[in-house]
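Asks: One structure, pasted below without further comment.
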Amino acid sequence: MGCAARPTVRLLRLGRVPYAEVLALQDRWLRELQAGAGAGAGAQAPGPSGALLVGEPSGPVYTSGLRGGLSPEEQARVRALGAQVWATGRGGLATFHGPGQLLGHPLLRLRRLGLPLRRHVAHLEACALRLCRRLGLPDARTGPPERPGLWVRRRKICALGVRCGRHVTSHGLALNCCTDLTWFQHIVPCGLEGFGVTSLSEELQRHVTVEEVMEPFLEAFEETYNCILTSEENAG
C-alpha cells in the first residue's frame, strides 16, 4: 500500500501590506472555503485543504478580540499616535500588529485535515517554536492554556488568536521579528498584567527581519501540518 498523499494548502505571500487588506483577503478566502471550494476552483472541485496568508503589516494597528479590546480612551490615544484600531472576530483580547511582525493566517478546513480546533492551536504554537529553535533561540516555550502563544521567560514573542466557523479556521499568529516594541506600552497586551513582550531581534541581539524568517516558518508549517504549500500567483 502506498502512502496517502499529503493535503495541499494554498500559499499567499502578501508582502508588506495594510492590515485592512489582510482582513479583506482573509474574508474572501474564508467565504469560498466555507462554501466548499477554494478560490479559482469549480463548484464540484474538491479544492485545497485551505490557504495560508503570510505577510507583514505596513503600519501600526491595534486589534480587539471576542473577549474585549481597547477602551474609548485608549482608542483615542493610540489613534492620536497614528495607529489604526480594528475589531476582529478572533479569540483573545487586544494586541498590536505592525511593521517587523510576521503575520500567519491559516484558513484551514479542519475536518479534511482531521484536526480538532485545539490541535490546530497547538500546531500554530509548534510552528513558531520550531522556527525559534532553528534560529538559535532555545529558551522559547509555549505557555499554559490561560497564556497561549510563545514565551521567552515572562515575555511574549508570538501571539495567537484564532476563529473557527463552519469548520474553517481564520486569523492565526503574529510573531515579533524586529517589531518596535514601544507600541505595546500603550496597552496591556492580551490582557496579561505583569508580563512583557519581546522579539527575535531582542532575544538574538541582532536585526531579524520578517523576510529572513519567512522561509523557515513555511518549512515549519509544512512539517507541523504534514501538508504541501502551493504558491498562488496573485494573492490580491
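The values are calculated or read from the model by the stated rules, or taken from the named source; none is laboratory data. It should be emphasised that the depicted structure is a prediction, and the values quoted were computed from it without experimental measurement. Please note: Cβ atoms are built from the backbone with ideal geometry, for glycine as well, and neighbour counts cover all protein chains shown.
Asks: Tell me which residues, restricted to the range 99-112, are touching a Ser or Thr at 6+ places or on another chain (Cβ under 6 Å), not in a strand (DSSP E or B) and not charged (D, E, K, R).
Replies: 100
Asks: Let me ask something additional. Please verify whether the range 169-187 includes one or more residues that are in contact with a Gly (Cβ under 7 Å, 6 or more places away or on another chain) and among the β-branched types (Val, Ile, Thr).
Replies: Yes: one or more hits.
Asks: Moving on to the next point. For the range 123-163, which residues satisfy the criterion of being without any contact (Cβ under 8 Å) to a residue 40 or more places away in the chain, under 17 Å from residue 222 (Cβ atoms) and of a type in the set (A, V, I, L, M, F, W, C)?
Replies: Passing the criteria: only 129.
Asks: Quick one: count up the residues across the range 186-233 that are farther than 15 Å from residue 9 by Cα, out of contact with any strand residue (DSSP E or B) (no Cβ under 9 Å at 6 or more places or on another chain) and at pLDDT below 90.
Replies: Qualifying residue count for the region: 3.
Asks: Among the residues of the range 205-231, write down those that are among the aromatic types (Phe, Trp, Tyr) and within 12 Å of residue 135 (Cβ to Cβ).
Replies: Selection gives 217 alone.
Asks: Turning to a different aspect of this structure: Of everything in the range 129-148, what is of a type outside the set (Lys, Arg) and either touching a helix residue (DSSP H, G or I) at 6+ places or on another chain (Cβ under 7 Å) or at pLDDT 95 or above (or both)? Give them in sequence order.
Replies: 129, 131, 132, 135, 136, 137, 140, 142, 148, listed by residue number.
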